[in-house]
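The structure under discussion appears below in the form of C-alpha cells.
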Amino acid sequence: MSASTIIFYILAALTLTFGALTVFSRKIFRAAVFLLLSLICIAGIYILMEMDFVAALQIVIYVGGIVVLIIFSIFLTQKAGERLPSRLPKRLLWAILLPVAGLAFSSWVIFNHPFAQTGTAPIEPTVHNIGLQLLNYDQYGYVLPFEAVSILLLASLVGSIIIAMKKKQQ
Amino acid sequence: MEQVPLTHVLILSSTLFFLGIYGFFSRRNLITMLMSIELILNSININFVAFNKYLYPHQLEGVFFTLFIITVAAAEVSLSIAIIINLFRRFNTIDIEDTNTLKF
C-alpha cells in the first residue's frame, strides 16, 4: 500500500463526507461551502490520476467560478441565518428509496462487470497533447465541438444578461 | 495510484451521484437543487477521467468529455442563476412550491 493509495482513500472519504454534508445541511450557506470543499477534494483525485490539466480546470472553473456565483446568488436571494424548511415525509421516502436502490443496482453492475484494459502505448495527458488533439480537424479531432461549445458559451452569456436585466419602468 | 482498483473509483463516483440525486429530489429550494446538479456532474467527470486513465490510456477522449462537461456546467449555472434572480425579483421567493403561476 503506497502513499498515493492512502491519499486516494482519504480524498475519497473527504469527498463523500463533504458531498453528504452539502446535501444534508440545513443552512444553505454552509451547504455551498461544503460543496466547495468537495470540489477541491475531487481536484486532488484528478491530480492523483495524473490529469493535471483537468485538475487545474476544476479549480479555476468550479471553485473559482461556479461556487462563487452560487454564493453570490445565495447572498442576493436568501435571508441570513435562515434554516431551510424540513422535508415532507412522503417525498422523503421516495427521495431515500430511489437513490438507495439505484446505488445498490449500480454497485452490483460494477462489481460483476469484467473491466478489460485495451490499448497499447499510453498517451501522456499533457497540455501539449490535449491542445493538439482538441484543435485537430482530422479524424478524432475535436475542433467542431470546440467551436460549438464556444457558441454555446456566447449564447449563455448573452442570455443570462438578457434574463437578469431589469425591465424599464413604463 | 495503480494499486487502487477501478471498481473503488466507480463506487466513489456512483455514491456521489446518488447523493446528488437525493438532494435533487428532497430539496425544494432552487439553489440547493442547483448544488445537487453540480455534485452529479462532478461524479460523472470522475467516471470519465477514471475510464480514460484505467481502460483507454492510449486515447484522450475522457479528458475531452470532462472539459466539455465542465464548460456546459458553467454555462448552465450562469443561466440558472439569472433565472433564479429574476424569479426572486418577481415572486420574492425561490421555493419551487410557491412559484406555480404556470401550473395548470
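The values are calculated or read from the model by the stated rules, or taken from the named source; none is laboratory data. No experiment lies behind these values; they were computed from the predicted model shown. Please note: Cβ atoms are built from the backbone with ideal geometry, for glycine as well, and neighbour counts cover all protein chains shown.
Checking each residue in region B:80-104 for being polar (S, T, N, Q) and touching a residue at least 40 places away in the same chain (Cβ under 8 Å) picks out only B:Ser80.
Among the residues in region B:57-79, are any without any contact (Cβ under 8 Å) to a residue 40 or more places away in the chain and farther than 29 Å from A:Tyr140 by Cα?
Yes, region B:57-79 contains a residue that is without any contact (Cβ under 8 Å) to a residue 40 or more places away in the chain and farther than 29 Å from A:Tyr140 by Cα.
Looking across region B:41-86, not a single residue is more than 7 Å from chain A (Cβ to nearest Cβ), among the β-branched types (Val, Ile, Thr) and surrounded by 20 or more Cβ atoms within 10 Å (Cβ to Cβ).
Tell me which residues, restricted to region B:16-27, are within 11 Å of B:Ser43 (Cβ to Cβ) and facing another protein chain (nearest Cβ under 7 Å). Give the steps one after another, and end with the answer.
Residues of region B:16-27 that are within 11 Å of B:Ser43 (Cβ to Cβ), as a first pass: B:16-21.
The answer is B:Leu16, B:Phe18, B:Leu19, B:Ile21.
Here A:Gln139 passes the criteria (1) touching an Asp or Glu at 6+ places or on another chain (Cβ under 7 Å); (2) assigned to a loop (DSSP other than H, G, I, E, B) except the one numbered (1).
Considering the conditions (1) part of a helix (DSSP H, G or I); (2) under 27 Å from A:Ala121 (Cβ atoms), B:Arg90 is excluded by exactly one of them, (2).
Residues in region A:1-23 that are outside any helix (DSSP H, G or I) and of a type outside the set (Ser, Thr, Tyr): A:Met1 only.
So is B:Ser13 without any contact (Cβ under 8 Å) to a residue 60 or more places away in the chain, more than 7 Å from chain A (Cβ to nearest Cβ) and hydroxyl-bearing (Ser, Thr, Tyr) or not? The answer is yes for B:Ser13.
Of the residues B:Asn92, B:Asn45, B:Asn100, which single one is within 21 Å of A:Ile40 (Cβ to Cβ) and either of a type outside the set (Lys, Arg) or at pLDDT 90 or above (or both)? Write out each step before concluding.
Working: B:Asn92 fails: within 21 Å of A:Ile40 (Cβ to Cβ); B:Asn100 fails: within 21 Å of A:Ile40 (Cβ to Cβ).
The match here is B:Asn45.
Inspection of region A:144-155 finds no residue satisfying the criterion of being part of a helix (DSSP H, G or I), closer than 30 Å to B:Ser26 by Cα and at pLDDT 85 or above. When A:Ile71 is tested against (1) under 30 Å from A:Thr5 (Cβ atoms); (2) in contact (Cβ under 8 Å) with a residue 12 or more places away in the chain; (3) more than 7 Å from every other protein chain (Cβ to nearest Cβ); (4) among the hydrophobic types (A, V, I, L, M, F, W, C), exactly one condition is not met: (1). Selection of region B:53-69 for residues being of a type in the set (A, V, I, L, M) and either within 11 Å of A:Met49 (Cβ to Cβ) or not in a helix (DSSP H, G or I) (or both) yields B:Leu55, B:Leu60, B:Val63. Do you know which of the residues in region B:28-40 that are under 11 Å from the mean Cα position of the chain (by Cα) and within 7 Å of chain A (Cβ to nearest Cβ) is farthest from B:Ile94 (Cα to Cα)? Result: B:Leu39.
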